[in-house]
Each structure stands twice: as C-alpha cells, then as structure tokens.
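K.L.:
Before I ask anything, let me first share the structure, which is written out below as structure tokens.
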Amino acid sequence: MVKTKIQKKYKSILGEKETEHAIVLIKDFFQLALSTELNLTRVTAPLFVRSGTGVNDDLNGVERPVSFPVKSMNEERLEIVQSLAKWKRLKVTDLGLKPGFGIYTDMNAIRPDEDLDAVHSLYVDQWDWEMAIDEKDRTIFFLHEIVEKIYRCIKRTEFFIYDRYDNIKPVLPEHIEFVYADDLQREYPDLTPKEREAKVAKKYGAVFISGIGGKLPDGSIHDGRSPDYDDWITETGDGHRGLNGDIIVWNDVLKAPFELSSMGIRVCPQSLTAQLEERGMEERAKLMFHTKLLKGQLTQTLGGGIGQSRLCMFLLRKAHIGETQVSIWPDKIHAECKKKGIKLLQLK
C-alpha cells in the first residue's frame, strides 16, 4: 500500500472548536441531501454481527475483523463490522423495499489491519446506503446516474460550508468525469494504480473510476474488492467489465488523489458464482448470506459507503483524518503531526 503523506508545514483554516461545529453542519446537511436525492430512509445499524454467517465485510478478503465471545450466548463469537455491505442488502430485502427506494445508516467500524496514514485509521465512520433496483437497472449507465446524484450532494455541501466559512473556497468541478480502470491501465501501463488515480484526479478534479476488483488487461487489479458484494465481473456492454467504482477527488492539501466513496451494483447469483470461482473462494457459497443470494432470495440492490470523516476532512481542507475523528495513533504519527503543525482530536 502507498501511504498518503503530509507534504509540508500546514496551518488549519479552522480552529478546533470551529472544526467541531463545522463537522456537525456537514454531517447534518449532507445526510439530508443524500437521503432526499436517493429516496433513502434512515435505519439503525449493528455494531457487530455473528461470525461464520458471511454477513461481515472482509473488504479485500484478508483483513481480520475484531471478534469476541459472548458469555450469555454459550461463548458464541461475534465480530465488529468492517462495513455493512452485505447486512444492508439483507435489510432492504427484509423491509420489502421497491425499486428506487432504499436505506442509509451511520456505520461505525474497526479495521485493525489498516495501514495507518493521513487518510486511513483504525476507526471508520461512513454513511452506508443501499437501494433496491430493477433487474433492468443492472447497467453501468444507471450506476453512473446514481454517482452524479451523489456528486451533486457533495457539491451542494461544499457550497453550504463556503457560505458559512468564506475562507474555505469551493474547488470541486461542476461535473464528475467517468473513466474505466482498464482504460487507465492501457493509457498508463508503467504507473501504479495509485499513480494513475493521481493523474486523472489532478486532471479532472473529480472522477469515478469504474471496474474496481476485476482483472485488467495485464492480469492485475486496480484495487482489491471482496468477491461477494460489488459486481466487478459483468460486462458493461461498452467493452468493459465491472458495475462498481470509486469516487475520487483531487486533494490539494495532500497533493494526492482522495477517495470519498466506494459503491456498486451488487452481485446477482451468476456474478457471485463467477467471482467466487475467480478468487478461488467457492467454499463461501455455503455461508448463510451466500446461500440466500444464490437461491434468489435477496433483493437486487445498488449501494455503497461515503466516508464521514473523509468528507469532513476534504471539505474543511484538513491535512489528516485525525483532525475530523478521534482514533488511536502510533507515537511516530503523533510526532510527525506535531512537526507539521497538525492538531489531532485524540489526546496524546
């Protein structure tokens, strides 16, 4: 993993107290905009789920969840969620939601295997959302329509903050650009995926990179994706594969690409089977979640997550995610932040 580094000495535009006030403003404004734009109803989310059910998100397939035994349940093990990618689909199915309607929630996760840097922490907070869709909507074009709606919410929130703090100037372009991971690999074959992201994010200001997780023309993948939630194998009909992607903006404070959201159309029984086979994980088909999906018992959905602390970090022009959330950091990060003039919210 390439770590995102703080480039130079830095001074926050807002003080700590102003920052805390601004975080509340952003969160309240954005979630209302998002729920209105996508027809989402807020639901309450779990902090932990049962082990061995296939419900927890294992991200790239290798990250270890935090787990613990429960005395009152005969020592059955539960796991702290790493995201709610699959739980949300179960919830949409349980609620019986019709296409065009969905849910959103505050997701709080712990990811102990995260490589810590300026944008990655042990604690993850995001708006997790999921909406029911028709089978006919399993297209890259429909996905891009939803991306544009989410981007409009981000743009409106940026102006909302500028309207209250006029020294935080808007920087996002009017429109988000759509690119494909395989096209980027062909255009920049000698660059790493992170370097390709930097090229297009700096060029356009905001991009949606489609086809994350599937094999590229050279056999590599742009970035890791578990095989059992996003569909990254289905052909799009325009010469590409993958019905998912990431919203990435150019972060001028960090001089780096900055991921705000990961999302996608969820796997159908056929794409789940194909993706499990490609990753050599066919044994997962026996788990509760996967069994339901393969039997056609789950609603077809589209969903994703939008980082709360990351969005606040970007809109408030912060240099470290520890300025918009409280986590735990190693001594070397505390020392680096102190040297660069960064005040973390977590007390040393």
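The values are calculated or read from the model by the stated rules, or taken from the named source; none is laboratory data. None of the values given here were measured: they were computed from a predicted structure. When we count neighbours, we look across all protein chains shown, and the Cβ atoms used for this are built from the backbone with ideal geometry, even at glycine.
K.L.:
Checking the conditions here, which among Ser51, Ser67, Ser83 is in contact with a strand residue (DSSP E or B) (Cβ under 7 Å, 6 or more places away or on another chain), under 30 Å from His320 (Cα atoms), surrounded by fewer than 18 Cβ atoms within 10 Å (Cβ to Cβ) and of a type in the set (Gly, Ala, Ser)?
P.N.:
Being in contact with a strand residue (DSSP E or B) (Cβ under 7 Å, 6 or more places away or on another chain), under 30 Å from His320 (Cα atoms), surrounded by fewer than 18 Cβ atoms within 10 Å (Cβ to Cβ) and of a type in the set (Gly, Ala, Ser) holds for just one of Ser51, Ser67, Ser83, which is Ser67.
K.L.:
Inside the stretch 191-231, can you point out the residues that are at pLDDT 95 or above, among the acidic types (Asp, Glu) and assigned to a loop (DSSP other than H, G, I, E, B)?
P.N.:
Once the filter is applied, which keeps residues that are at pLDDT 95 or above, among the acidic types (Asp, Glu) and assigned to a loop (DSSP other than H, G, I, E, B), the stretch 191-231 yields only Asp231.
K.L.:
Test Glu158 against the stated conditions and say whether it is in contact with a Pro (Cβ under 9 Å, 6 or more places away or on another chain), charged (D, E, K, R), surrounded by 14 or more Cβ atoms within 10 Å (Cβ to Cβ) and at pLDDT 95 or above.
P.N.:
yes
K.L.:
In this structure, does Ile321 turn out to be buried (at least 19 other Cβ atoms within 10 Å of the Cβ) and closer than 25 Å to Glu158 by Cβ? So that I can check it myself, show each step before the final result.
P.N.:
Values: buried (at least 19 other Cβ atoms within 10 Å of the Cβ): yes; closer than 25 Å to Glu158 by Cβ: yes.
Taking the combined requirement at face value, the residue satisfies it.
K.L.:
Within the stretch 151-185, restricting attention to residues that are part of a strand (DSSP E or B) and touching a helix residue (DSSP H, G or I) at 6+ places or on another chain (Cβ under 7 Å), which residue is nearest to Gly213 (Cα to Cα)? Quick ask: steps written out before the conclusion?
P.N.:
In the first step, residues of the stretch 151-185 are kept if they are part of a strand (DSSP E or B); the result is 177-180.
Still in the running and touching a helix residue (DSSP H, G or I) at 6+ places or on another chain (Cβ under 7 Å): 177-179.
Values: Glu177: 20, Phe178: 17, Val179: 15 Å.
Looking at residues that are part of a strand (DSSP E or B) and touching a helix residue (DSSP H, G or I) at 6+ places or on another chain (Cβ under 7 Å), I get Val179.
K.L.:
Checking Glu177 against (1) farther than 24 Å from Gln308 by Cβ; (2) crowded, with 18+ Cβ neighbours inside 10 Å; (3) under 20 Å from the mean Cα position of the chain (by Cα), which test does it fail?
P.N.:
Of everything listed in (1) farther than 24 Å from Gln308 by Cβ; (2) crowded, with 18+ Cβ neighbours inside 10 Å; (3) under 20 Å from the mean Cα position of the chain (by Cα), Glu177 misses just condition (2).
K.L.:
Okay, next question. Confirm whether Thr93 is out of contact with any strand residue (DSSP E or B) (no Cβ under 7 Å at 6 or more places or on another chain), in a loop (DSSP other than H, G, I, E, B), of a type outside the set (Asp, Glu) and under 20 Å from His290 (Cα atoms).
P.N.:
Details: out of contact with any strand residue (DSSP E or B) (no Cβ under 7 Å at 6 or more places or on another chain): yes; in a loop (DSSP other than H, G, I, E, B): no; of a type outside the set (Asp, Glu): yes; under 20 Å from His290 (Cα atoms): yes.
No: the conditions fail for Thr93.
K.L.:
Being under 21 Å from Pro173 (Cβ atoms), surrounded by fewer than 21 Cβ atoms within 10 Å (Cβ to Cβ) and in contact with a Leu (Cβ under 9 Å, 6 or more places away or on another chain) is the filter here; which residues of the stretch 199-241 pass it? Let's see the steps before the verdict.
P.N.:
Of all residues in the stretch 199-241, those under 21 Å from Pro173 (Cβ atoms) come to 199-210.
Next, only the ones that are surrounded by fewer than 21 Cβ atoms within 10 Å (Cβ to Cβ) stay: 199, 202-205.
Within the stretch 199-241, Lys199, Gly205 meet the criteria.
K.L.:
May I ask you to list the residues in the stretch 251-288 that are of a type in the set (A, V, I, L, M, F, W, C), surrounded by fewer than 21 Cβ atoms within 10 Å (Cβ to Cβ) and in a helix (DSSP H, G or I)?
P.N.:
Ala274, Leu276, Ala285, Met288
K.L.:
Kindly indicate whether Ala109 is modelled with pLDDT under 95, at negative phi, buried (at least 17 other Cβ atoms within 10 Å of the Cβ) and not in a strand (DSSP E or B). Can you show your working first?
P.N.:
Working: modelled with pLDDT under 95: yes; at negative phi: yes; buried (at least 17 other Cβ atoms within 10 Å of the Cβ): yes; not in a strand (DSSP E or B): no.
No: the conditions fail for Ala109.
K.L.:
Follow-up. What residue, among those in the stretch 162-174 that are in contact (Cβ under 8 Å) with a residue 12 or more places away in the chain and of a type outside the set (D, E, K, R), is surrounded by the fewest Cβ atoms within 10 Å (Cβ to Cβ)?
P.N.:
Ranking the candidates gives Asn167 first.
K.L.:
OK, next. Considering only residues that are closer than 30 Å to Tyr204 by Cβ and β-branched (Val, Ile, Thr), look in the stretch 249-306 and name the one that is nearest to the chain's Cα centre (by Cα). Spell out the reasoning first.
P.N.:
Within the stretch 249-306, the subset closer than 30 Å to Tyr204 by Cβ is 249-267, 271, 275, 301-306.
Checking the rest, the ones that are also β-branched (Val, Ile, Thr) come to 249, 253, 265, 267, 301, 306.
Values: Val249: 13, Val253: 21, Ile265: 13, Val267: 17, Thr301: 16, Ile306: 5 Å.
Across the stretch 249-306, the extreme among qualifying residues is Ile306.
K.L.:
Just to be sure, is Arg279 touching an Asp or Glu at 6+ places or on another chain (Cβ under 6 Å) and over 17 Å from Thr301 (Cβ atoms)?
P.N.:
Details: touching an Asp or Glu at 6+ places or on another chain (Cβ under 6 Å): no; over 17 Å from Thr301 (Cβ atoms): yes.
When the stated conditions are applied, Arg279 does not pass them.
K.L.:
When you check Lys11 against the structure, is it of a type outside the set (A, V, I, L, M) and part of a loop (DSSP other than H, G, I, E, B), yes or no?
P.N.:
Values: of a type outside the set (A, V, I, L, M): yes; part of a loop (DSSP other than H, G, I, E, B): yes.
So Lys11 passes the test.
K.L.:
Still on this structure: For Gln126, only one of the following conditions fails: (1) in a helix (DSSP H, G or I); (2) polar (S, T, N, Q); (3) in contact (Cβ under 8 Å) with a residue 40 or more places away in the chain. What is its number?
P.N.:
Status for Gln126: all satisfied but (1).
K.L.:
Among the residues of the stretch 30-42, count how many are in contact with a helix residue (DSSP H, G or I) (Cβ under 8 Å, 6 or more places away or on another chain) and buried (at least 18 other Cβ atoms within 10 Å of the Cβ). Write out each step before concluding.
P.N.:
Within the stretch 30-42, the first condition is being in contact with a helix residue (DSSP H, G or I) (Cβ under 8 Å, 6 or more places away or on another chain), and the residues that meet it are 30, 33-34, 37-38, 40-42.
So of that shortlist, the ones also buried (at least 18 other Cβ atoms within 10 Å of the Cβ) come out as 30, 33-34, 38, 40.
Looking only at that region, the number is 5.
K.L.:
What are the pairs, 6+ residues apart or on separate chains, where a residue within the stretch 24-38 that is farther than 11 Å from Leu311 by Cβ has its Cβ under 8 Å from a residue that is of a type in the set (Ser, Thr, Tyr) and buried (at least 20 other Cβ atoms within 10 Å of the Cβ)?
P.N.:
Listed by first residue and then by second, the contacts come to Ala33/Thr157; Ser35/Tyr104; Leu38/Tyr104.
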